[in-house]
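Here the structure comes first, spelled out in structure tokens, and everything after it is commentary.
The values are calculated or read from the model by the stated rules, or taken from the named source; none is laboratory data. It should be emphasised that the depicted structure is a prediction, and the values quoted were computed from it without experimental measurement. Here Cβ is always computed from backbone atoms with ideal geometry, including for glycine, and neighbour counts include all displayed protein chains.
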Amino acid sequence: MKNTPEKIAKWIRYQILVSTTEAGSGHPTTSLSATDLMSVLFFDGFFKFFIDNPKHANNDRLIFSKGHGSPLYYALWSATGAFEKSELLTLRKLGSRLEGHPTSAFPYTEAATGSLGQGLSIGFGIALSGKYLDKLPYKTYVLLGDGEMAEGQVWEAAELAAKYKLDNLIAICDINRLGQSGPTIHEWDVASYENKFTSFGWNTIVIDGHNFEEIKQAYTKALENNDKPTAILAKTKKGKGVSFIEDKPGWHGKPLSKDELPKALEELGEIIDVIDSKLATPNDTKPQNLPVQTDENYEINRSKPLATRKAYGIGLVALGKKNNNVVALDAETRNSTFSESFMKAFPDRFFEMYIAEQNMVGAAIGLSTRNKIPFVSTFAAFLTRAFDQIRMSQYSHANIKICGSHCGVSIGEDGSSQMGLEDISMIASVLDSVILYPSDATATVKLVEEAANHTGLVYIRTTRKDSNHLYPDTENFPIGGSKTLKTSSNDQVTVIGAGVTLHETLKAYELLQKDTISIRVIDLYSVKPIDIETLEKAHAETNAIITVEDHYPHGGMGSAVNDALSSVKNRKPLYQMSVSKLPKSGTPDELLAFEEIDASAIAKKVKEVITCV
């Protein structure tokens, strides 16, 4: 007898209840509300997927934006035969692939979720790739909870999905009325959600989320291509199938006790084993192969200073010629970050994300799941509002690159709201992140390529101010390295800078030479990972170390150097010069002087240190 979605839904409800009770924690009620929606999607021929090849390019994709519905998520895949149902009993246990919210430890997870409101952006990025880059017919489904639809990021994604006419993106909204601590903002007023999605340019389909025929009809209609994304708005009941928890407050994130479980299972009735319920399979279609340009040359005009933000655009274009998987996204700052250079060279691989940084980072995560290498660009100061998305990217092992321009007080007159002064600290806190801080055009171009060749999160810090050329085209900049620009056997103090402060340090070097004071100058272009060997050598051979940075004191370059030298015996003094006053508008030179991180202040500090050591 054929396993129908109704029978499979009952089996899945059984597994949800048993696995969460065994775990002693989890979210059974929010899983039960969406069970019927997901059972029809998976087992009525709509979701097309090669179960033995989860990375196949033309598989449909599924994002559980409501990541706490993971008991449902895992039970769905178990029903397909993807893994033994006995593994469901390891839910939330140490060492299990079945974590409390989906992560990449589970091979069918597209991207880690659980910080609510992010899934639609990830799905948006996946759908962008399918429609515009790979040109594949797969569909991207995103399950959202009604509670998370209060997050602004959801509507950032909704607006952009309509702008890009993503008819391959389908949002399934589980409107079960109850949130964690009480009712959601609209409760069962489904019309309010319909009005929102419609106003953003989506198709909307309102259904009873427990009526299997309505669910089937909704998916059928959603698959009709008309250049619009579709939102299926399903009225459901939290805890559906178990009378004493159905639509009852106080049950969010609470499993049934072992005494309550038998009563609930009795209500489900007879359970038929549905393991190996087959998914429909897609066509074995491959992504299109974009041509790679043979001209990999780039030119840097060395006749005048050049800002690293401008060199970033040069490097991005050079990289784009070599690698057709490189794509660029910008938050409507492309003429300042110079990602517009890439847009002009490769318009089909550039996506304008407008002033919606959270969605932009989420979209980049989605693109990276489709083997693209997204470079995200905006002012460093504006990345702070997307930090949660950056934080979550590590749990997806996302291969994304971020360029933050307009760093520090050296941007000048625009004032403090535009100055990225927390960015190094922010990105450094993400496990295994890489932070690159080039000081001239050559270093920037080379580090853009290094970023692309590194798998994982890479942050490139660029500045607005034009800077002198320091390095020839033949110079290499491996991640984890540094450059010692001035050194002698008479060095008394080591001064470490990067970006604008490296140029100020070189000016200070000339000032100090007039007083026959010799200092070692290091360009710390790789802030994380850091060149410990060079730092230890400088520590051994000079009497003190001074770090100079256009960044707030905590968590910046000075902190990185201090951490790197923390285990060195007989520690010598380490002094930190950084932005320690609340910044204001002014010229770049005025502000560097105001914050006491210009050449004059550095030379003065060196002389003070020499008298103390």
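Checking the stated criteria, SER580 turns out not to satisfy the condition of being surrounded by 13 or more Cβ atoms within 10 Å (Cβ to Cβ), among the hydroxyl-bearing types (Ser, Thr, Tyr) and assigned by TED's automatic domain parsing to the domain that holds GLY555.
Within segment 502-538, the set of residues being assigned to a strand (DSSP E or B) and not polar (S, T, N, Q) comprises ILE519, ARG520, VAL521, ILE522, ASP523, VAL527, LYS528.
Scanning segment 7-16 for any residue that is touching a helix residue (DSSP H, G or I) at 6+ places or on another chain (Cβ under 9 Å), in a helix (DSSP H, G or I), in contact (Cβ under 8 Å) with a residue 40 or more places away in the chain and among the aromatic types (Phe, Trp, Tyr) turns up at least one such residue. Of the residues making up segment 467-497, those that are surrounded by fewer than 18 Cβ atoms within 10 Å (Cβ to Cβ), of a type in the set (Asp, Glu) and at pLDDT 95 or above number 1. Among the conditions (1) at negative phi; (2) under 31 Å from the mean Cα position of the chain (by Cα), VAL568 misses just one, which is (2). For the criterion of being charged (D, E, K, R) and more than 30 Å from GLU156 (Cβ to Cβ), ARG302 passes.
Each row is one residue, and each column tells you yes or no for (1) in contact with a Lys or Arg (Cβ under 9 Å, 6 or more places away or on another chain); (2) closer than 18 Å to GLY420 by Cβ.
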{"position": "LYS344", "(1), (2)": "no, no"}
{"position": "PHE350", "(1), (2)": "yes, no"}
{"position": "ASN359", "(1), (2)": "no, no"}
{"position": "GLY362", "(1), (2)": "no, no"}
{"position": "ARG370", "(1), (2)": "yes, no"}
{"position": "PHE375", "(1), (2)": "yes, yes"}
{"position": "THR384", "(1), (2)": "no, yes"}
{"position": "PHE387", "(1), (2)": "no, yes"}
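Out of the residues in segment 212-258 that are assigned to a loop (DSSP other than H, G, I, E, B) and among the aromatic types (Phe, Trp, Tyr), state the one that is surrounded by the fewest Cβ atoms within 10 Å (Cβ to Cβ). The residue in question is PHE244.
Every residue, every condition in (1) of a type in the set (A, V, I, L, M, F, W, C); (2) over 25 Å from PRO249 (Cα atoms), yes or no:
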{"site": "ALA111", "(1), (2)": "yes, yes"}
{"site": "SER121", "(1), (2)": "no, yes"}
{"site": "GLU148", "(1), (2)": "no, no"}
{"site": "GLU214", "(1), (2)": "no, yes"}
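Taking (1) of a type in the set (Val, Ile, Thr); (2) more than 33 Å from the chain's Cα centre (by Cα); (3) more than 21 Å from ILE597 (Cβ to Cβ) in turn, THR505 satisfies each apart from (3). When restricted to residues that are buried (at least 24 other Cβ atoms within 10 Å of the Cβ) and either part of a loop (DSSP other than H, G, I, E, B) or among the basic types (Lys, Arg) (or both), segment 27-47 contains 2.
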